[in-house]
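Participant: Just dropping this structure here.
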Amino acid sequence: MIKNYLRSAIRNIARHPFISFINVFGLTVGLTCCLLIIAYIVNERSYDKFNKNAGNIYRVTRIFYAGPNVESLHLSAVAPPFGPLLQTAFPDIKKITRMLPNGTTALRYKEKLFNEQNSFFADENFFDFFTVPLEKGDSRSSLKEPYSVMMTPAVAQKYFGNQDPMNKTIILDNNKHEFKVTGIFKPFPANSHMHPDILMSFNTLKDTSIYGEKQLETNFGNNSFYTYLLFPKGYNADKVEAQLPNFLDEYVHFPVMAGMPRNLKTHQITKLTFQKLTDIHLRSHLDDEIEENGNITRVYIFSAIALFILLIACINYMNLSTARSTLRAKEIGIRKVIGAQRKEIISQFLSESVLITWVALILAIGLTFFLVPMVNSLSNQNLSVSSLLQWRVLLPVLLLPFIIGIISGIYPSLFMSSFIPVKVLKGILKAGSGGISFRKVLVVTQFSISIILIVATTVVYQQLQYVENKALGFNKDHIITMNYVTTLNKQYEAFRNDLLSNTAVKSVGRSSRIPSGRLLDDQNASILQGGSMQPIKVDLKFITTDYDFVNTYGMQMASGRNFSRAYSTDTNNYVINETAVAALGWKTPENALNKDMSYAGIKGKVIGVVKDFHFESLHQKIIPLLFQLPSLRNSYYHNLSIKIDGNNSQAAISAIQETWKKYLPETPFDFTFLDRKFAKLYNTEHQQGTLFTIFSCIAIFIACLGLFGLSAFTITQRVKEIGVRKVLGANVPQIVIELSKDFLKLVLIAAIIALPIAWLSMNKWLTGFAFRINISWWVLAMAGVMALIIAFVTISFQSIKAALANPVKSLRSE
């Protein structure tokens, strides 16, 4: 019987090739989108699961409080003593491993000199946590000895070519330290939350010229060490996490600052938490992640889009199947007359639906193979069709034709199997009002989804335009940023003067951080109140700058002055922003001038107030910020910023490179334009906007196919009516309007339903930005009008064809 069903299904598909093509094409597009999004979801949820002990590994994170339960900072790295202390306090912890990122690392082998961006200090337990195969060396001992280093094959090839890299020596940090190559590890998979290229022995940090063993044991202030814990299999880590407040009170003691309550406990100032390794990529967005992570919300959004597009494709199939019901009415009548039962007719139509869906799935798999490289390029992902071959994914995919086939075919099969043989054989075929209503609901659903996606695309595009064009409070154009090298300190003035001697170089400034980064550094601050210094209840971040930083970035002063070389006392003075003025309780920038304050224990005065500017991305609010010159207690720069002439960029870069090599011959010359750093801040939103646009177009296209089917069905039922109207004098535009208005009403209803949902959804999305657009009424109106126009064009194809038909033939038809 099944064989007969399939033979009949193939004959019917071949008998009506155009409608069958539209059915297969619509389902193929829908299934292709679904497969691509499934590949994306599988990839996102697979992060870090390649590690053998992934389910038992936790990362330690640290929270700081600005006040009672007021979180000011949540770091994914912690201070170096915490790892060993946790293992001592909680023996159930099997192992710990610590990593310290080394930032931009200058390495040299003979004449080859490179800057490495992904270098870390890692301890000997590292490979017990992260399951990465080694090509050479031993996972247990290669990082044990100080001054040993491991690297990926690509890095080894860069330095040593085809030579065996083992036991070769590379030079770190301007000839200061020699590291012996003790191992080669394969690159971390793409689905890892980190991708180190170079691993240096953690024990090297015990050298006081690098960090110092005492510092590793006692420094609770440097929260730069990524610390991971390995628990026994199935162990409930929540038991240990619940004891962390007591652990902090026992092991960590902060000096009591002036004005702080003397009975304040450590856990009221800071907090430790545990984070599952497998949760890092999708559920962790802390202030100092190793790399940019994904987002579980994005996974949910694209999962919903996949379901919506698949639903639209199924609705499209239903409408087209019912549209051709008139072509098969007599077939159904004859089947019933010769004894076919309703369940057999239902089975026949379901088998056709499943067969068409199988054909669509096969085509969709081929299309997915073809489109994956393009999607990877657009979305900066690393999707692979092979991810769909896992049995947990493959089995549901193979069941899709049956599920979608039944969902798509159940309504048409029930509808067509309900035909009364006597009526259909006489040519009397009229669908009941309930059937028409259901199809109308399907069209409304399709266009509601399409309108929501149109609004989403428009809002994402507008927000991106807003953040890219908003005035930042400084000029980010034509600024080159570089890593500052401390060996330049003694000859910096000569270096700066050499740069400025070239007219293409406008200004040079140094700072601990640069705009486009995050503001993470803060110290205890006090201001003069009631005759004594009182600690503030404000989270006041700071940047160490030099005299030229403000001018290099073109920042404007709201009152007072910038730091000046003419004032030797400025090393104890401060410049703050307007937000800090308000947060500290001073009414105006002028009121803040010459106010006494203490920061990190250094007493000074406020000498200037800089106008608010966007140091971070527009996702973050402008926060209270303090500028300070380096002092004996706080002397460091990490970044060099150079303002160049935009009309003579190449000459400026050449001059900078020549000067750099003159003063720093052992350090590679490497730079980035600041505007590119800001552009990267919104990469995720750009990718979302691109994907929303693609999915919107696909959803609208499939919805139009469904509308095409319903209009074809309805116009077929009104052939004689059209003929009568033409005989009575109706012209083509009048007939087109008459035939279109009912469908346009459906789209209008869809807009009424969809627009409030779209407005609420996109407003929620915009809450991810501290600075954002307001969704204008015209955006919603435009989405509705676009849907109406698209629908009208789709319907007009059928309507005009019917209106131009010969009325004589229409009136003769039975």
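Participant: Evaluate the following for VAL508: is it closer than 20 Å to PHE495 by Cα and in contact (Cβ under 8 Å) with a residue 12 or more places away in the chain?
Facilitator: Yes; evaluated as a whole, the condition is true for this residue.
Participant: Right, another one. Output the residues belonging to segment 625-646 that are buried (at least 21 other Cβ atoms within 10 Å of the Cβ) and farther than 16 Å from ILE514 by Cα.
Facilitator: Listed by number, the list holds a single entry, ILE644.
Participant: Do the conditions hold for ALA600, that is, is it in contact (Cβ under 8 Å) with a residue 12 or more places away in the chain, of a type in the set (A, V, I, L, M) and surrounded by fewer than 17 Cβ atoms within 10 Å (Cβ to Cβ)?
Facilitator: Judged against the criteria, ALA600 is a match.
Participant: On to the next question. Name every residue in segment 24-58 that is open to solvent by less than 10 Å² (accessible area, probe 1.4 Å) and part of a loop (DSSP other than H, G, I, E, B), in order of residue number.
Facilitator: ASP48, ASN51 - these are the residues of segment 24-58 that are open to solvent by less than 10 Å² (accessible area, probe 1.4 Å) and part of a loop (DSSP other than H, G, I, E, B).
Participant: Do any residues in segment 228-245 that are over 15 Å from ARG59 (Cα atoms) have Cβ atoms under 6 Å from those of residues that are among the polar types (S, T, N, Q), where the two are at least six apart or on different chains, and which pairs are they?
Facilitator: If the second residue must be among the polar types (S, T, N, Q), the pairs left are LYS233/ASN56.
Participant: Pick out the one residue from SER598, SER631 that is of a type in the set (Ser, Thr, Tyr), under 18 Å from THR545 (Cα atoms) and in a strand (DSSP E or B).
Facilitator: Answer to the check: SER598.
Participant: With the structure loaded, tell me whether ALA122 is crowded, with 16+ Cβ neighbours inside 10 Å, among the small types (Gly, Ala, Ser) and in contact with a helix residue (DSSP H, G or I) (Cβ under 8 Å, 6 or more places away or on another chain) or whether it fails that test.
Facilitator: For ALA122, the condition - crowded, with 16+ Cβ neighbours inside 10 Å, among the small types (Gly, Ala, Ser) and in contact with a helix residue (DSSP H, G or I) (Cβ under 8 Å, 6 or more places away or on another chain) - is met.
Participant: In segment 683-702, what residues are among the aliphatic types (A, V, I, L, M) and closer than 17 Å to ALA456 by Cα?
Facilitator: LEU691, ILE694, ILE698, ALA699, ILE700
Participant: Still on this structure, please answer the following. Only residues that are more than 26 Å from the chain's Cα centre (by Cα) and small (Gly, Ala, Ser): list them for segment 354-409, please.
Facilitator: ALA360, ALA364, GLY366, GLY405, SER408, GLY409
Participant: Then there's this: So, ILE622, is that one under 30 Å from THR684 (Cα atoms) and open to solvent by 40 Å² or more (accessible area, probe 1.4 Å) or not?
Facilitator: The answer is yes for ILE622.
Participant: Quick check on my filter: what residues within segment 291-316 are of a type in the set (A, V, I, L, M) and surrounded by 19 or more Cβ atoms within 10 Å (Cβ to Cβ)?
Facilitator: Of everything in segment 291-316, those that are of a type in the set (A, V, I, L, M) and surrounded by 19 or more Cβ atoms within 10 Å (Cβ to Cβ) turn out to be ILE305, ALA306, ILE309, LEU310, LEU311, ILE312, ALA313, ILE315.
Participant: If we scan segment 647-660, do we find a residue that is open to solvent by 50 Å² or more (accessible area, probe 1.4 Å) and either over 21 Å from ASN497 (Cα atoms) or touching a Gly at 6+ places or on another chain (Cβ under 8 Å) (or both)?
Facilitator: Within segment 647-660, one or more residues are open to solvent by 50 Å² or more (accessible area, probe 1.4 Å) and either over 21 Å from ASN497 (Cα atoms) or touching a Gly at 6+ places or on another chain (Cβ under 8 Å) (or both).
Participant: Then there is this: Could you count how many residues in segment 72-111 are of a type in the set (Val, Ile, Thr), surrounded by 16 or more Cβ atoms within 10 Å (Cβ to Cβ) and either free of Cβ contacts under 8 Å to residues at least 60 places away in the same chain or part of a strand (DSSP E or B) (or both)?
Facilitator: Number satisfying all stated conditions: 4.
Participant: I've got another one for you. What strands (runs of 3 or more DSSP E) completely inside segment 166-234 contain at least 1 residues that are open to solvent by 30 Å² or more (accessible area, probe 1.4 Å)?
Facilitator: 169-172, 177-185
Participant: Moving on to the next point. Filter segment 652-675 down to the residues that are at pLDDT 90 or above and among the charged types (D, E, K, R), then identify the one that is nearest to ALA106 (Cα to Cα).
Facilitator: LYS661
Participant: Can you name the residue in segment 749-766 that is in contact with a helix residue (DSSP H, G or I) (Cβ under 7 Å, 6 or more places away or on another chain) and open to solvent by 70 Å² or more (accessible area, probe 1.4 Å) and is also nearest to TYR466 (Cα to Cα) among such residues?
Facilitator: Step by step, filter segment 749-766, then rank; the result is TRP759.
The values are calculated or read from the model by the stated rules, or taken from the named source; none is laboratory data. Since the structure is predicted, the reported quantities are computational estimates derived from the model, not experimental observations. Every residue, glycine among them, receives a Cβ derived from its backbone with ideal geometry; neighbour counts consider all protein chains shown. The protein model used for the area step is the full one, side chains on, heavy atoms only, and it has no ligands, DNA or RNA in it. Shrake-Rupley method; radii C 1.70, N 1.55, O 1.52, S 1.80 Å.
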